[in-house]
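Report on the structure given below.
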Amino acid sequence: MDISAAMPKPPAEPALRIVIVGHVDHGKSTLIGRLFFDTGAIPAERQAEIERTCQAQGRPFELAYLMDALEEEREQNVTIETTQTRFRSSRRGYVIIDAPGHREFLKNMVTGASEADAAILIVDGEEGVREQTRRHAYILSLLGISQVVIAVNKLDRVGFDRGRFDAVTADAVHFLHSIGLTAQFLIPISAREGDNVVRRSERTHWYSGPTILEALDAFSPATLDRLRPPRMPVQDVYRWDDRRRYVGRVESGTLRRGDPVRFLPSGRVSRIRAIERWPDDGVPQASAGTCVGIMLEDEVYVEPGEVMAPLHDCPAAAVEVHASLFWMGREPLEAGRRYGFKIGTADASAEVVAIEERLDPASLELKERYAQKLLESEVGRIVLHLDHPVAADSFELNPKLGRFVLVDQGVVRGGGIVRSLSLADGARPRRVIRLDGRLLADPSGMLVDLRNESGDLELAADETFLARIRAGERIALRFAGMRPFGAFLNWAWEHFVPFSFRREQEGVWVSLGAPEYASLRDHYQDGPGI
Amino acid sequence: MSLSPSQTSELHERLEAEYLDALENQTIFIFREAYRRFENLAMLWSIGKDSTAMLWVARKAFFGRVPFPLVHIDTSLKHPVMLTFRDKIAREWKLELLVGQNKEALAGGMGPSKGRFECCTALKTNALQQMIDAHGFKGIFLGIRRDEEGSRAKERVFSPRDRDFQWNFKDQPPELWDQFNTAYGDDTHVRIHPILHWTEMDIWRYIRRERIPVCPLYFSDGTRRYRSLGCVPCNSPFPSTAGTVDEILAELERTSTPERAGRAQDHEKAYMMQKLRSLGYM
Ligand SMILES: Nc1nc2c(ncn2[C@@H]2O[C@H](COP(=O)(O)OP(=O)(O)OP(=O)(O)O)[C@@H](O)[C@H]2O)c(=O)[nH]1
Ligand SMILES: [Mg+2]
């Protein structure tokens, strides 16, 4: 049944949040301006203000100025800060999020995109896929935004040439595939002139798919949270009116009065006596998204940051987190350092024990394994050790409790997705370091720096790796102490790997294959002589 | 299958309820997060519809109480009806009310005739700064909304001000997944914006649903009403016959004039609001 047709007027539906992303200057803000303009949603006054500014600047009417409202943005013709604006089609309401394309403002792009349910990736038809096109797409995939539409813009500049459109979309689709995303539609547009945005264009007779507006309406609300396991992170405990209320927002699933519950990581157990939503002090249930006050049947001691869950369907109380992280700090993320860690309503201190992979999200190039640093706007696979157990899910199971931020000097600098967790009970698992053929990609050799590994290690190598080491390819390893070096010895013994080593002040250098210290050291420049 | 008129209106109501609940929940979450993270909080209450609706949500967040003081910046140019309304609500809702005023500037004859930019900065921004300094507030709740005006659309929910009160809008910290930045140094305070994501229409729909009392100046006296409340000399009513919340909503559906059209300080010169706000204006 088509609900919208049965309505005399469009209802106020929960809005869908759409982020517009893409390389700098490819036309994100212009597209939003066009969408508003062609649906008559720009107030007359606002339009007059933009006209005045453009006249003063001596330039034609700039649709992007609807979003780019700051003086600095208009002077430099670049979006600096993300903006949200509300828009409604005949089907439903939208929050349209404009993201800046300039690399310098990536943190603002992430801020905007982190709230989105779906995305439009804009690519300039003339310029094609560029660095930030790919970087933004990668960030979408990390954020778990899987509904994506590709809009190829500025086709007026290439005479609405179908060949050009096909070439650009092939490129973009190829990249999306490589990061696990599929575009729902590929739309040829001119944001400035309004082709296929709201109005169907006559200049793209070869195209029969939806316009941008139609594509928006085809997105579906991304709220699966209700279907996921019930979780309520405890935000605070209020002791007023002779009551002890545990307040928080149900992040997933549904909690009901009378449910037996367990709190993680403490493991304390009780039963829900009442669910309060003032002025109502007894609602029967609360679903994902609802902020409530919970009263329990027992006087248990629960701290803010714990997660309330059904007795037999709990999150992990994790001490070790394996994650994908994107870093937004000007100062690099450093292995071996501690950062603030926030997940759900919990805080902890996390040590970066390893940056297992350092990746450039624009080229998808694996830059380094076991790296010391992750630079601004890079992405990495990292391992964190927490100073105390914290309740968390994997991102795949439950995004709301499977994503975290890293904080440095009080400010959020990184966003992460939990890939897997190790539980608090039992010994810390052995860390497995995988050595595979990919490590040998660089003909000048590769350094695997394991100086941050202090615990139990296990090395695992694949056949290609071993064969190529025996054939004389160069690879160096560094260890800080005897324990990890011992693990290496076991491995070398087992696989007949030739090596030479040198003990130094702060650890051990190992050269696999032919012993050639001098050239090794010259290559890696780091540390005292032999 | 088609819906009967009563089924249709039921569906409308349910969808609107879900929609307003989502806005409200987000606001409650922000309130509670701020309350958990900051020692010394206050809420700026302009007596307008936005901050009054926000105040209502605060009562929901804290089970009927408001666990921090409310600050009203009185420029001495406010309509007497606003002050009567303020005192009545403060009494009924048992609020701790602090009234701030830049007495020095007023004694020096500050007023809009000295220039609107100067007047707003002296009587509002500076009065607020004096209040914050005097009480050592670390977090201030403000009822601004993204849809009001361009520079507000660029705001974060938790938005730091430096020791000189300034907003560094060119380099704001990232804010994601409701993990807000709350740990700043001692010489700063943080502006907290619990209703940043609401629109003017949302506010009125919410006022209707919750039956929140609002200042009578919003309703037409038969010929005119105020759409936004400010200081008497710089804020003009516009012709309207809307005398109820329903009529106001119907009127807003039809109009394309922006909400702050009657607010003179917004239009004095280009980027006026951005400039005012970068200095610490609300
Ligand atoms: N010819 C042509 N020009 C366009 C089109 N769309 C946008 N432009 C122009 O491209 C320039 C950049 O557009 P914006 O919308 O500001 O680009 P943006 O992607 O928002 O840029 P940032 O936010 O700074 O990353 C402006 O001068 C636009 O007028 C189009 O369809 N055709
Ligand atoms: Mg832009």
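Listed values, structure above:
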| quantity | calculated |
| --- | --- |
| Matching residues, region A:75-85, being more than 11 Å from ligand 2 (Cβ to nearest atom) and crowded, with 18+ Cβ neighbours inside 10 Å | A:GLN84, A:THR85 |
| Complete set of residues in region B:158-179 that are at the interface with another protein chain (Cβ under 7 Å from one of its Cβ atoms) and in a strand (DSSP E or B) | B:LEU176, B:GLN179 |
| Count - residues of region B:115-131 that are within 14 Å of B:GLN101 (Cβ to Cβ) and surrounded by 20 or more Cβ atoms within 10 Å (Cβ to Cβ) | 8 |
| Given (1) more than 13 Å from chain B (Cβ to nearest Cβ); (2) closer than 27 Å to B:GLY150 by Cα; (3) aliphatic (A, V, I, L, M); (4) more than 16 Å from ligand 2 (Cβ to nearest atom), index of the condition A:ILE150 fails | (2) |
| Residue in region A:223-242 that is surrounded by fewer than 21 Cβ atoms within 10 Å (Cβ to Cβ), hydroxyl-bearing (Ser, Thr, Tyr) and free of Cβ contacts under 8 Å to residues at least 12 places away in the same chain present | no |
| Qualifying residue in region B:4-21 (condition: of a type outside the set (Val, Ile, Thr), closer than 30 Å to B:LYS138 by Cα and facing chain A (nearest Cβ under 7 Å)) | no |
| Residues being more than 11 Å from ligand 1 (Cβ to nearest atom) and either touching an Asp or Glu at 6+ places or on another chain (Cβ under 8 Å) or within 12 Å of chain B (Cβ to nearest Cβ) (or both) - total across region A:56-68 | 2 |
| Residues of region A:80-119 satisfying the condition of being of a type in the set (Asp, Glu) and within 14 Å of ligand 1 (Cβ to nearest atom) | A:GLU81, A:ASP98, A:GLU104 |
| Single unsatisfied condition, B:THR52 versus (1) hydroxyl-bearing (Ser, Thr, Tyr); (2) surrounded by fewer than 21 Cβ atoms within 10 Å (Cβ to Cβ); (3) more than 9 Å from every other protein chain (Cβ to nearest Cβ) | (2) |
| Residue within region B:62-69 that is touching a Pro at 6+ places or on another chain (Cβ under 8 Å) and either modelled with pLDDT of 90 or more or within 14 Å of chain A (Cβ to nearest Cβ) (or both) present | yes |
| Residue count, region A:139-167 (criterion: touching a residue at least 60 places away in the same chain (Cβ under 8 Å) and in contact with a Phe, Trp or Tyr (Cβ under 8 Å, 6 or more places away or on another chain)) | 5 |
| Scan of region A:53-74 for residues that are in contact (Cβ under 8 Å) with a residue 12 or more places away in the chain and within 12 Å of ligand 2 (Cβ to nearest atom), ordered by number | A:GLU62, A:LEU63, A:ALA64, A:TYR65, A:LEU66, A:MET67, A:ASP68, A:ALA69, A:ARG74 |
| Residue, farthest from the other protein chains (Cβ to nearest Cβ), within region A:96-124, restricted to residues that are over 16 Å from A:VAL149 (Cβ atoms) and away from ligand 2 (no atom under 14 Å from the Cβ) | A:GLU115 |
| Subset of region A:257-296 [surrounded by 22 or more Cβ atoms within 10 Å (Cβ to Cβ) and of a type in the set (Ser, Thr, Tyr)] | A:THR290 |
| Residue satisfying condition, being within 13 Å of A:GLY27 (Cα to Cα), surrounded by fewer than 23 Cβ atoms within 10 Å (Cβ to Cβ) and either polar (S, T, N, Q) or in contact with a helix residue (DSSP H, G or I) (Cβ under 8 Å, 6 or more places away or on another chain) (or both), within set A:GLU127, A:GLU62 | A:GLU62 |
| Filter pass, A:PHE160 being more than 14 Å from every other protein chain (Cβ to nearest Cβ), within 14 Å of ligand 1 (Cβ to nearest atom) and in contact with a strand residue (DSSP E or B) (Cβ under 9 Å, 6 or more places away or on another chain) | yes |
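The values are calculated or read from the model by the stated rules, or taken from the named source; none is laboratory data. Because the structure is a prediction, the values reported are computed rather than measured. Reconstructed Cβ throughout: ideal geometry from the backbone, glycine too, with neighbour counts over all protein chains shown.
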